[in-house]
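Notes follow once the structure below has been shown.
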Amino acid sequence: MPENVHSNALSRTRRIGLASLASLFITVGLGLFLGVQTREQFREVEENWNEYSLDIGQKGEWISAIRGHLGYGGIIHNFKNYVLRKDPIYLHRTEEQIDQFLAVTDLYLTATADPREREALQIVRETILRYSAALPVAVRAAEQGWPTERTDTAVRISDTEALQALADLEQIWSVNRQTSADRMLAAVNRGQTLIWIGFLSIAALVCLALLIGYLLVLLLRDMRDAVLRLSDELHRRRELQKSNERLAQAVEQSPATIFMTDTDAKIIYANRQFEKITGWQRDEVIGQTPRFLQSGDTPASEYAAIRRRLDKGEDWQGVFRNRCKDGSSYWAETKILPLLGEDGSVRNFIGMGEDITEKRQAREQVARAQKLEAVGLLAGGIAHDFNNILTTIVGAAHLAAMDAPAGSDIEVEVDQIDIAARRGQSLVQGLLTFARRTPGSLQPTSLTAVIEEVSRLLQASMPPTITLKRDGIGDDLTVLGDDTYLHQIVMNLCRNAVEAIGAEPGQIAIDARVLDDHVPAGLEPREGGWIVFCVSDNGPGMSAETKQHLFDPFYTTKPLGKGSGLGLAVVCGLIEEMGGRISVDSTPQQGATFTVYLPRAEAGLAKTETAAAEMPRGHERIVLVDDEPDIAVTFRRLLLRLGYRVEAFTSPLVALEHFQSAPDRPDLLISDMVMPDMSGEALVNELRAIRSDLPVIFCTGYNPGGLKIDGPEPEVMHKPIDPARLAQRIRFLLDAAH
């Protein structure tokens, strides 16, 4: 038995030893297994993290770059802007962005082996290559002046597949990123599961391997802490990435230009608005100082003062006129801030600018409007007196011409006086019209007669080296317009052509015709049709910049004292007021052609006395009222020469008293408009209250319009008055009254 007992004990010990040894082997094996698995989990976490940080992150940057090239401000946007606007800056941007796009896609294709990604990249790349192939067509269209519709048809490219391919590429990237993140989280979760398995194993074998268990507990606790720290770090990185993305989007989409420099003022970042406003790409300005933006308006001392202020940690705010890449400029309200570190030292500088070019232009327009208002007040103040003086000059010159021998030097000198007086009238009338101080009266008027009269005046005042050609002008060219306006338009355009040619030999051609059924773009068809009037010269022509400002008020290319800068501005305003349109075609050294479109009217209704030289006579009694003695004397002498019996007064009150004594005696009244004691309007109303059928002619130097006269509408003639036209209107009204 003892032997048996010993044998049993030995057997039990052996069994316990074997069990203990087995437990030890299990414990060691389990420890080795857990260690190997844990190490694999760490390796997998590390691999997933590297894949997530490097591969996925790099592809995300490439996809973002591709999205930028296809989005707003990208290749397609700039290509379409070039097709629509034909601005070379969009062509340059498109070409640069195509090169950048191809470089990014080459990198992507080299880095990826995924067939789905490669297929999507190829689709996007082929679409951009089609845009690249269409660029020469767009350039040729711009150079040859194709219509926008034709150009759009020739270069139209569907980018639907490219956008869908980009969306697929982003989806693949998003799925890969999510897969990588899920794998990383799964590895972390498996690691946590292994930890709990280890705890249970240690609890089961703690009696057999306390020391091993204790060490494993310490090891597993460290592993658990490491995994938790990794999980927390991953969570923080995700939150930080989202925050950085939101901040980057806010800066990129800001309406202000934003750029950052280091302490040496070298640019390290510029946002999208900076590229859009300045035309400079980021890769062109990174590493440069903002000196390339300087327009030269701000002195170097001011920049030095700004730098000293920033070095002290103080910000600066002001306005710059910056230069764009294409040579143009813009006004920017700028604020520059120093970025301070925790120790208070300056680490970087940030510049933010708001484009205020339109605001400045608005202020300039207000100042310009005030200037025009001042011109209007000045014109209204001098018009009456100056036109009275011109009336005396014109009337006296006409009387002198009637007595001057035909073909004599005196006749030539008198004609020169008449021409100079009419040019003075045109200048004052231009000021009044430009300031909208004289309303026009639109009625059927013979454009042919106006051209004939202006041609006669020009022949007497042009240099002999310039010839005037006016062939093919018909007799039925009747327009719906104001007679005075038409004189100003024709005279200003012809005088402008004479001054453009100067002392050199040259030719001016005047052409007028009824516009055929083909109506130019921008001109609305009308029932009565249109008449086109052209003034061409073979002078030096003009540049594109001059044409751009040609009709601006006070803009002139003539030397000081040679031009007011109002002639063409007045012409443009008069034409628009009559419902017409003006255009100019000119290139340097090839002359210029001004084309005017005017509404056509029925020929039978046109005024026919515009340029007639006859001065009909009569014997009727005329009452003449003008507060200027010189004008009253001049008109009285003229009318007496024509056979009329004239009673002239310089006081409207005396004229009214005289009329009241014998209201049936006068056959017609000629009166000034603006007079002391009583206006011409009030005088006529008093006379019409006594005799309602009295014919009336107003001769005014400045008529603000809005007359309220009882009875038949009076005739209104603007000073200085052509004696022949005055005689014609007198005869017309007297014959109509009988």
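The values are calculated or read from the model by the stated rules, or taken from the named source; none is laboratory data. If you're wondering where the values come from, they're calculated on a predicted model, not measured in any experiment. In this analysis, Cβ positions are derived from the backbone assuming ideal geometry, glycine residues included, and neighbour counts consider all displayed protein chains.
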So for the stretch 322-336 (the condition being exposed (fewer than 15 other Cβ atoms within 10 Å of the Cβ), modelled with pLDDT of 80 or more, within 19 Å of the chain's Cα centre (by Cα) and not acidic (D, E)), does at least one residue qualify?
yes
Mind listing whichever residues of the stretch 230-244 are closer than 16 Å to M184 by Cα and either polar (S, T, N, Q) or modelled with pLDDT under 85 (or both)?
L230, S231
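Conditions tested, residue by residue: (1) within 30 Å of L642 (Cβ to Cβ); (2) modelled with pLDDT of 85 or more.
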| site | (1), (2) |
| --- | --- |
| L560 | no, no |
| S564 | no, no |
| L568 | no, no |
| V596 | no, yes |
| L605 | yes, no |
| I622 | yes, yes |
All conditions in (1) in contact (Cβ under 8 Å) with a residue 12 or more places away in the chain; (2) out of contact with any helix residue (DSSP H, G or I) (no Cβ under 7 Å at 6 or more places or on another chain) are true of I63 except (2)
Within the stretch 153-190, how many residues turn out to be within 28 Å of R229 (Cβ to Cβ) and not hydrophobic (A, V, I, L, M, F, W, C)?
10
Go through the residues of the stretch 118-133 one by one and say whether even a single one is free of Cβ contacts under 8 Å to residues at least 40 places away in the same chain, assigned to a helix (DSSP H, G or I) and farther than 20 Å from H69 by Cβ.
no
